[in-house]
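The structure under discussion appears below in the form of structure tokens.
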Amino acid sequence: MTAIVVGAGPAGLMAAERLVTMGRHVTVIDQRRSFGRTLLLAGRSGLNLTHSEPLDDVLDRYGPGRPQLEPMIRAFDPVALRAWADELGVETFVGSSGRVFPVGQKATPLLRAWLARLVEAGVEFRTGLAWSGFVDGGISAVDEDGSTQELRADGVVLALGGGNWPRVGGDGSWIKILRDAGVECVDLAAANAGVLVDWTPKHLADFEGEPLKNVAVSIADQTIRGEPVVTRGGLEGGPIYGLGPQIRDELSRNRTATIQIDLLPDVSHNGLGIRLETKRPKDSVSTYLRRAGIKPVGISLLREATGNRLPDDRVGMAALVKAVPVLITAMASIDRAISTAGGVAWSAVDESLQLNACPGVYVAGEMLDWEAPTGGYLLQACFSTGAWAGRFGRGESDVA
Ligand SMILES: Cc1cc2nc3c(=O)[nH]c(=O)nc-3n(C[C@H](O)[C@H](O)[C@H](O)COP(=O)(O)OP(=O)(O)OC[C@H]3O[C@@H](n4cnc5c(N)ncnc54)[C@H](O)[C@@H]3O)c2cc1C
């Protein structure tokens, strides 16, 4: 039995590994000249492979995608993922936040060992071949010289990534091909991405790149603590990424979204009121606010939020400090997002991840319609769905 895997990222390579282990003849193609480039990019900032929290908590991170992903993640869970890395000779460790990293935190040793093992197992790799559609019994792919080839196999796994970082991974162009083939897809959107805010030139000149340390960011009854960073375009960082689904939701309904930032989440309203009680006659407003424990970047944020018309009473000031409104005009571009929301709809695949509209074609990884926060959950789901899609043809009946 033969299989073609399109896309040599974590999902595609894991599918290839499963298939070759079952004795299939496997060919992996990728449009790039080298493999696993998104994985290598991820390794530049410390490759977070998975998370060590209890499995139920891990599963909760996938939100509405949990029911569909759960059997796949249970079948290849964080413990199995660590054991797999270990077998490749890549030791992992649990960081202080519970996140799991390979020792050294880089992707290169893992990818190198993995590719070598796959080649040894008989997987054939072809670079510079871009999947362009389906033909009877297989797929068509365009070579770097522009010529089209037809490749046939008993089964195909598509693992084309999301639509983010088109220079290294997928560019999302697959969505049109799949829709034309009758596959239901949800529009791609930036996930784990920054947001756009119209900062004044002064705020940017003084605080671009500065984190708002230990604040709590809220929208739509969700609050996440952390350190959003002021960027040229707006805000980035953990709490912004984590609130992405709620921010996107509000943007799609109202065209803008407003988050509230509590600059002093460990101080109660009353406590803050007491801190703001005494303003010495000679104090500037900034000195008075600094004395209450607010950092210069926070004070500047208060000025941004009010058009520099700060409340002159302490009750109003305390209310503002506990919920600084920040108007978001849009999500930052998908090109620089860490991941992609949307993709192949769950209703378009069966339990084995086979496309209902294209029998014999399976999908895996980020091109499926799920999303998760950063913390290793993205790679975990890519590995798990890849392993799941790579199980096809296990029974007596082969795929068409
Ligand atoms: C900067 C950054 C940091 C990250 N850090 C982490 C992290 O620490 N932890 C974590 O869990 N996740 C992280 N991620 C996310 C993680 O890297 C991705 O979720 C994961 O790589 C997606 O795997 P995938 O196999 O689905 O797709 P990809 O890894 O994107 O692979 C898709 C492959 O398909 C190929 N392809 C696309 N279209 C075609 C076509 N038409 N024909 C042929 N080939 C095609 C691409 O060239 C690519 O090789 C990070 C992402 C980024 C951008």
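None of the figures in this text is laboratory data; all of them are computed from the coordinates on show. As the structure is a prediction and not an experimental result, all values here were calculated from the model. Cβ coordinates were reconstructed from backbone atoms using ideal geometry, including for glycine residues, and neighbour counts include every protein chain displayed.
Mean residue ellipticity, 222 nm, helices only, the chain: the sum of -39500 (n - 2.57) across DSSP H runs of n ≥ 4, divided by residue count and rounded to 500, is -9500 deg cm²/dmol. Residues of the chain were split at every exposed loop site, defined as GluC sites (Glu not before Pro) in a DSSP loop with at most 10 other C-beta atoms within 10 angstrom, and the longest piece left, sites excluded, is 1-276. Using the Cβ-Cβ distance between D312 and E144 with R0 set to 45 Å, the FRET efficiency from 1/(1 + (r/R0)^6) comes to roughly 0.10. Report D for the range 204-260 in µm² per second (integer): Stokes-Einstein, Kirkwood Rh on Cα pairs, 25 °C, 0.890 mPa s. Once the numbers are plugged in, D ends up at 210 µm²/s.
Would you list which lysines come within 18 Å of K213, measuring only between C-alpha atoms, while excluding same-chain residues fewer than 8 positions from it? Straight-line reach from K213, under 18 Å: K295, K322. Put simply, the range 104-170 fits an ellipsoid with semi-axes of 25, 17, 12 Å; these come from the alpha carbon gyration tensor as the roots of five times its eigenvalues, largest first.
Listed by chain and number, the aspartates and glutamates placed with their C-alpha closer than 15 angstrom to that of K279 are D312, D313; residues fewer than eight positions away on the same chain are left out. Max-minus-min Cα coordinates of the range 195-331 on each principal axis give 46, 31, 23 Å, with the largest extent listed first. Remark on the range 345-386: hydrodynamic radius 10.8 angstrom, per the Kirkwood mean of 1/r across alpha carbon pairs. Amide H contacts of V135: S140, each under 5 Å away and 5 or more positions distant or on a separate chain (H built 1.01 Å from N in the peptide plane; Pro and chain starts excluded). Given +1 at the Cβ of Lys and Arg, -1 at the Cβ of Asp and Glu and no other charges, the dipole of the range 1-91 around its Cα centre is 540 debye to the nearest 20.
Farthest toward the positive end of the dipole of the chain, out of G133, I294, G146, is the Cα of I294, where the dipole comes from beta carbon charges about the Cα centre.
What are the equivalent ellipsoid semi-axes of the chain, built from the alpha-carbon gyration tensor (square roots of five times its eigenvalues), in whole angstrom, biggest first?
Details: eigenvalues 436, 88, 64 Å².
Ellipsoid semi-axes (Å, largest first): 47, 21, 18.
Can you compute log10 of I(q)/I(0) for the range 256-352 with the Debye formula, treating each Cα as one identical point scatterer, at q = 0.17, 0.23 Å⁻¹? Normalising to I(0) and taking log10 leaves -0.78, -1.19. Calculate I(q)/I(0) for the range 97-211 by the Debye formula, one identical point scatterer on each C-alpha and no solvent, and give its log10 at q = 0.22 Å⁻¹ to two decimals. With no solvent term, the Cα-only Debye profile gives -1.35. Across the options T2, F392, S34, the greatest Cα extent toward the positive end of the charge dipole of the chain (unit charges at beta carbon of Lys, Arg, Asp, Glu) belongs to S34. The spacing between the range 348-394 and the range 78-130, judged by their C-alpha centroids, is 19 Å.
Placing +1 on the Cβ of every Lys and Arg and -1 on the Cβ of every Asp and Glu, with no other charges, gives the range 280-376 a dipole of roughly 1200 debye about its Cα centre.
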